[in-house]
Structures are given as C-alpha cells and as structure tokens.
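One structure is given below, encoded as structure tokens.
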Amino acid sequence: MVLSMGGGGPTSRSPAAPAEDRTYLGFMAASLGVALGAGLVLAVLLAVATSPELNQARLIQAHGWAQLQGWLGIFVAGMGLRLVPRLCGRRPLPRPLSLTALILLTAGVVGRVVAQTVDRAAWLFLAAAILAAAGMVLISAALLATLAQSRRHGQGWRWPAWAAAGWWALWAGLTVTAGIEGAGNDGLVPAGLDEPSTWVVLLGPLMNSVWAVQARSVPVFFGRRRPRRLLVPTVVFNLGAVLVLLSVSGETALARVGLGLAGAATIWLIALVGAVWGQAHRLTPASRPTARFVLTANRWGLLAGACLLLAAILPPGLAAWSQRLDTGSLHLLGLGLATVLIVGMSRLVTPVFAIQRSVARQERAPAVILALLVAATGARWAVALLDGTVPAALIAGLLGIAGVLAWLGLALFAASLAVAWRDLDRQKVVLVRAAHRRP
C-alpha cells in the first residue's frame with residue numbers, strides 16, 4: 001500500500017497500484033540465454049571444428065533454430081505479449097499465460113538443441129516440437145483474441161500484427177511436422193522442409209512483428225505521421241511468405257517468386273514504417289543515441305530486400321549467385337534488421353531501460369553493442385557472397401569472427417540488462433524522491 005505522509009506520520013492510506021508485471025524480463029533473459037549459450041556458440045563451433053565425428057548438418061540446424069526460435073522467437077513473443085494489449089487499449093494479459101508461453105517455448109528450443117547436438121533421442125526431438133508448438137498456439141490465440149477485442153481501429157500497424165498472430169499458429173504446424181520428420185531421421189530434418197520453414201518463420205511471425213512495432217513507433221520518433229495504409233504492402237509481403245511455404249511441396253520456383261515479392265515488399269515497408277536517415281527529435285536527448293539502432297537496422301533491411309530482388313531476377317545460369325544472395329539476405333534480415341532493431345527498441349520502450357535512462361548517466365555500452373552487431377552482420381554477409389569463390393579457410397575465419405562479434409554484442413547487451421534489472425527498484429525510489437522534491 002501507499003502511505004501519504006503529512007506532518008509527523010501517516011495520515012491516510014490509499015490502495016496500492018497493481019504490481020508491475022516483469023514477465024517480459026523473463027522472455028528477454030531466456031532468449032539471450034539461448035543465443036549466448038547455444039546459438040552463437042554453435043556458430044563459432046561450426047567455423048572452427050574439423051572433427052569428422054561432428055554431424056555438420058545437424059549442428060547447422062541446431063544453430064539456426066536456436067537463433068530463430070530461441071533468440072528471435074522468444075524475444076519477439078515476450079514483446080508481443082506485453083505491447084499488443086497496450087496498443088489495443090486492453091488490459092495486460094494474465095501473468096500465468098505469459099509464463100506458460102515462456103516455459104513452453106524455452107523448453108521446446110532447448111530440447112531441440114539437445115536432441116540435435118548431445119542426445120539424438122527421437123522422443124526428445126518430438127517432445128520438444130510438441131512443447132514449442134503448444135507455446136506458439138498459445139501466443140497466436142492470445143494475440144488474435146487481443147486484436148479482435150481492440151478498442152482502436154483504423155491503425156496501420158494492426159495489419160502486420162494480425163499477420164504475425166496468424167503465422168504463429170502456422171509456425172506451430174511446421175514445428176510439429178519438423179519434429180515428426182526429425183525424430184524419424186536421426187535428429188535431422190530434411191532440407192526440403194527445413195530450408196523453406198526457416199524462411200517462412202523469419203518472414204511470417206518475426207518480420208511481421210518488426211513491421212507492426214515500427215509502424216506504431218518509429219515514424220513518431222522521427223516526427224512523421226504513423227502510416228495508415230499498410231494493407232497492400234503487408235499483403236504483398238505475406239503473399240511472398242505463403243509462396244515460400246507452398247514450395248515445401250518441391251516447387252522451388254515458388255520460393256524464388258515468393259522471396260522476390262518479400263524483398264520488394266521489404267523495401268516498400270521500410271519506406272513506410274521505418275527510417276534510414278534523419279534525427280529522432282521526438283525522443284528525449286538521453287534516448288536519441290539509441291535511435292541509431294533503428295536507422296542501422298533499416299539500412300540492413302533495404303540491402304536484404306535488394307538482394308532478394310536481384311536473386312529473383314538472375315537467370316538460371318547464375319543460380320549459384322542467387323543462392324548466395326538468398327543466404328546473405330537471410331542473415332541480413334535475421335541479424336542485421338531483426339536483431340539490431342529489437343536490441344535498440346528494447347532499450348527505448350522497455351521500463352527497465354527507460355527507468356535506468358531517467359536516473360543514470362549516458363552509457364557507452366549502446367554504441368559498442370551497435371558496432372559489434374554491425375561488424376558481425378557485415379562479416380556474415382561477406383561469407384554468404386564469398387562462399388565457393390575463396391579458400392575455405394578464409395570462409396571459416398570470417399564465420400568465426402562473425403560469431404564471436406555477435407556473441408560479444410549480445411553479451412554486452414545482456415550485461416547492461418542485468419545491471420538495469422538489478423538496480424530497477426532502487427532507481428524507481430530515486431525517481432519518486434526526485435518527483436516529490438519538485439515544487
């Protein structure tokens with residue numbers, strides 16, 4: 001409860017405000033734990049390991065899904081469950097629902113990584129898929145129900161938000177299918193299913209969430225109106241994702257067309273909802289340096305869109321270059337756009353960092369984090385373009401460098417989160433005291 005002090009002691013009592021729900025911190029911690037403890041460690045291992053006993057294909061899949069499902073998936077889920085109800089004018093979602101989703105998603109991705117790297121037990125691979133899929137269905141249902149009950153209509157961010165919520169359910173279906181296939185194939189998902197699924201998950205639930213968050217906030221940061229007419233570019237983008245999904249049947253031409261559409265729509269959506277230059281003058285002076293994350297992320301996104309478009313129009317005789325451009329675009333979107341953006345946006349919009357920014361002096365950590373992630377993205381994109389054209393030792397070296405730089409960037413981000421989390425209650429007290437001292 002809150003005590004109102006007057007004279008020598010308390011004179012009245014008033015009901016306490018509801019306790020702050022800090023479940024989002026659990027999602028942030030879990031996603032960082034998977035990335036730093038598994039995903040990026042496997043990336044470096046793949047670059048330096050030469051033992052013939054290592055199954056490269058399984059390790060590549062474990063690395064990819066640790067990053068996609070563990071790092072990006074868990075982080076985006078936590079932010080979605082926190083932000084969407086607020087943007088829709090609804091009450092926060094029940095804490096047990098968010099915790100259940102967190103546990104299911106984390107158990108699912110950890111189980112898959114273990115099943116593909118340590119213990120190739122079929123039951124573990126399938127159980128992990130079922131747990132993760134249950135969490136994805138729960139997230140989809142919560143987001144769809146919240147959007148359906150929204151009190152705020154006619155806002156452009158809602159179109160990609162609806163799409164993201166629907167794709168979470170489709171991701172659950174892909175996860176179960178991969179679990180069945182991997183359990184029956186010694187822990188290895190067939191490439192014809194795994195590769196399209198990777199693109200579908202990145203484009204569907206994850207990138208649509210990126211577009212929704214940017215549409216709601218980024219134009220405001222830079223003094224522009226929020227875009228309202230996002231239906232057409234959102235449809236084009238998701239049509240591309242649907243065509244990639246349909247390519248699971250073996251029609252690879254569908255994937256080529258789908259990725260081309262997604263690339264064109266990426267450029268279109270960034271022009272509408274993002275920012276690639278300018279000053280975020282609507283942010284407080286303490287927050288403005290963090291806006292560089294937004295600008296940098298969208299620049300990587302533009303490059304990814306251009307690469308996907310180029311890959312789609314190259315003649316069949318240059319199929320190897322189309323593949324290199326696709327691989328480069330995958331990492332430009334996952335590391336360059338999504339990772340850089342969510343690190344920056346989390347520092348801008350989450351209470352734990354907002355309170356720290358209001359009390360503490362300006363940090364140097366954000367600039368270092370950004371530089372590390374930019375260097376990691378550049379190195380990984382170079383690997384995609386140079387693969388097969390330069391000595392394998394150079395490729396392995398660049399892969400190792402990219403993995404180490406990304407690990408250091410996220411480790412520094414995790415450390416800054418831990419410090420802000422540790423000091424959260426103390427800094428809130430400082431803010432309250434400062435407010436009481438004002439005339």
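We did not get these values from a lab; they are worked out from the coordinates using the rules stated. All values derive from a computational prediction rather than experimental measurement. Counting neighbours? That spans all protein chains shown, and the Cβs are built from the backbone with ideal geometry, glycine included.
Pop the C-beta distance of Leu314 and Ala367 into the FRET formula with R0 = 41 Å and round what comes out to the nearest 0.05. Don't skip to the end; give the middle numbers.
Working: r = 37 Å, r/R0 = 0.91.
The value I calculate is 0.65.
Please sort by residue number the trypsin sites (Lys or Arg not before Pro) in region 179-252 whose DSSP state is loop and whose Cβ has at most 15 other Cβ atoms within 10 Å. Please list the in-between numbers first.
Values: sites: Arg216, Arg224, Arg225, Arg228, Arg229; in loops: Arg224, Arg225, Arg228, Arg229.
Those satisfying the criteria are Arg224, Arg225, Arg228, Arg229.
Based on other C-beta atoms within 10 Å, arrange Thr389, Thr327, Thr350 from fewest to most. List each step's numbers first, then the result.
On the way: Thr389 11, Thr327 18, Thr350 21.
Ordered by Cβ neighbours within 10 Å, fewest first: Thr389, Thr327, Thr350.
Work out from phi, with θ = phi - 60° and the Karplus expression 6.51 cos²θ - 1.76 cosθ + 1.60, the ³J(HN,Hα) of each residue of region 381-396, listed in order in whole Hz, and give x for Gly and Pro.
For region 381-396, the Karplus curve yields 5, 4, 4, 4, 6, 8, 4, x, 10, 10, x, 4, 5, 5, 4, 4 Hz.
Between Ala121 and Asp21, what is the FRET efficiency for a Förster distance of 35 Å, r being their Cβ-Cβ separation, to the nearest 0.05?
Working: r = 36 Å, r/R0 = 1.04.
Here the calculated transfer efficiency is 0.45.
Among residues other than Arg256 whose Cβ falls under 13 Å from its Cβ, what is the net charge (Lys/Arg +1, Asp/Glu -1)? Each step should come with its number before you reach the end.
Values: positive: none; negative: Glu195, Glu251, Asp326.
Charge balance near Arg256 sits at -3.
At 222 nm, what helix-only mean residue ellipticity would the chain give, in deg cm²/dmol to the nearest 500, using -39500 (n - 2.57) for each DSSP H run of four or more?
Working: 18 runs with 306 residues, N = 439.
Calculated at 222 nm, the ellipticity per residue is -23500 deg cm²/dmol.
Only sites in a loop by DSSP and with at most 16 other Cβ atoms within 10 Å count here; which trypsin sites (Lys or Arg not before Pro) in region 79-188 make the cut? Provide the component values of the computation, followed by the final result.
Numbers: sites: Arg82, Arg86, Arg90, Arg112, Arg120, Arg151, Arg152, Arg158; in loops: Arg90, Arg120, Arg151, Arg152.
Hits after loop and neighbour filter: Arg90, Arg151, Arg152.
Based only on other Cβ atoms within 10 Å, what is the fewest-to-most ordering of Thr50, Thr198, Thr177? Can you show the working numbers first?
On the way: Thr50 6, Thr198 19, Thr177 16.
Arranged by neighbour count, lowest to highest, Thr50, Thr198, Thr177 become Thr50, Thr177, Thr198.
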